Amino acid sequence: MPKPPGIRLLCVTLICCLPLTSSAVALRAGKASDDTVCDLAPYTTYQLGTRVLIPVSVPSNLQAEALLRAGARFVAANCTNSQLLILQGAASMTTDVNSMTNLANWACPVAGVSRTSVLVNHTSDSRTAEQGFELRCTITKLPELRAKLAEMEARESNEAFFNRLADIDDQLEGPNRSRPVANPKTNKDCGKLSVASILFGGSKDCPPPLKP
């Protein structure tokens, strides 16, 4: 289905939220926090997925890069050295593991990153919870993170990168495109928003996402 005019403009603005004060750094709107924590939990990758356009049809390495770009932008703009960074993702999703591990390693000493098992859920129904992971570390490398992000965006701007994702998705769309049947209770891709779910609030195969 052709995308409505202006859809690619959504790709340019990665984090659709107002700047946060130093005393309340939290990715999820309204979550209580303080100036000692850079809190991107719960379910960081899903929260980022509600703010960026990441077609589920693109290769997993590009989905991981999209999440890394979005997460790094948030940390660079809102967090400070010495804060505790908290990240979460789905343990079964390589995109989540790779993007969140890279983000933690960009912001913190690799040896200082701890990982624990948690449950993550993109709905309020406990039956849809799945095994996840949580990464925690103390941010000490914020200038390095900003430099890595700038280098990534110099190689390919965010606008060009997300337009490329949209182009890949365009090429896969059409009457002969294979669309797997998804079960919202088990489909891991329901946690990653497609073009249709961002524009129209879900699809027939996945429940509408919760508002962050």
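The values are calculated or read from the model by the stated rules, or taken from the named source; none is laboratory data. If you're wondering where the values come from, they're calculated on a predicted model, not measured in any experiment. Virtual Cβ from ideal backbone geometry, glycine too; neighbours counted across all protein chains shown.
Within the range 197-211, is even one residue touching a Leu at 6+ places or on another chain (Cβ under 7 Å) and at pLDDT below 50? Before the answer, list the steps.
Here is the first cut: in the range 197-211, the ones touching a Leu at 6+ places or on another chain (Cβ under 7 Å) are 198, 209.
Next cut, at pLDDT below 50 only: 198, 209.
Yes.
Out of the residues in the range 93-144 meeting the condition of being out of contact with any strand residue (DSSP E or B) (no Cβ under 9 Å at 6 or more places or on another chain), free of Cβ contacts under 8 Å to residues at least 40 places away in the same chain and farther than 22 Å from CYS38 by Cβ, tell me which one is surrounded by the fewest Cβ atoms within 10 Å (Cβ to Cβ).
Only one residue tops the list, namely ASP125.
For the subset of the range 95-115 comprising residues that are in a helix (DSSP H, G or I) and more than 16 Å from LEU48 (Cβ to Cβ), which member is nearest to the chain's Cα centre (by Cα)? Break it down stepwise before answering.
First, the residues of the range 95-115 that are in a helix (DSSP H, G or I): 95-107, 110-112.
Among the residues that remain, those that are also more than 16 Å from LEU48 (Cβ to Cβ) are: 105, 110-112.
Numbers: ASN105: 16, VAL110: 21, ALA111: 24, GLY112: 22 Å.
Once the filter is applied, the top-ranked residue is ASN105.
Scan the range 69-92 and tell me whether some residue there is assigned to a helix (DSSP H, G or I), of a type in the set (S, T, N, Q), surrounded by fewer than 20 Cβ atoms within 10 Å (Cβ to Cβ) and more than 11 Å from the chain's Cα centre (by Cα).
Our first condition is that a residue be assigned to a helix (DSSP H, G or I); within the range 69-92, this holds for 69-78.
Subsequent filtering for residues that are of a type in the set (S, T, N, Q) retains 78.
Checking which are surrounded by fewer than 20 Cβ atoms within 10 Å (Cβ to Cβ) leaves us with none.
No, the conditions are met nowhere in the range 69-92.
Of the numbered conditions (1) assigned to a helix (DSSP H, G or I); (2) of a type in the set (A, V, I, L, M, F, W, C); (3) over 23 Å from CYS79 (Cα atoms), VAL118 fails exactly one; give the number of that condition.
Failed condition: (1).
Collect the residues in the range 114-145 that are β-branched (Val, Ile, Thr) and either over 14 Å from LEU40 (Cβ atoms) or modelled with pLDDT under 95 (or both), keeping them in residue-number order.
Hits for the range 114-145 are THR116, THR123, THR128, THR138, THR140.
Among residues belonging to the range 39-68 that are touching a Ser or Thr at 6+ places or on another chain (Cβ under 8 Å) and hydroxyl-bearing (Ser, Thr, Tyr), point out the one that is surrounded by the fewest Cβ atoms within 10 Å (Cβ to Cβ).
Among those that are touching a Ser or Thr at 6+ places or on another chain (Cβ under 8 Å) and hydroxyl-bearing (Ser, Thr, Tyr), it is SER60.
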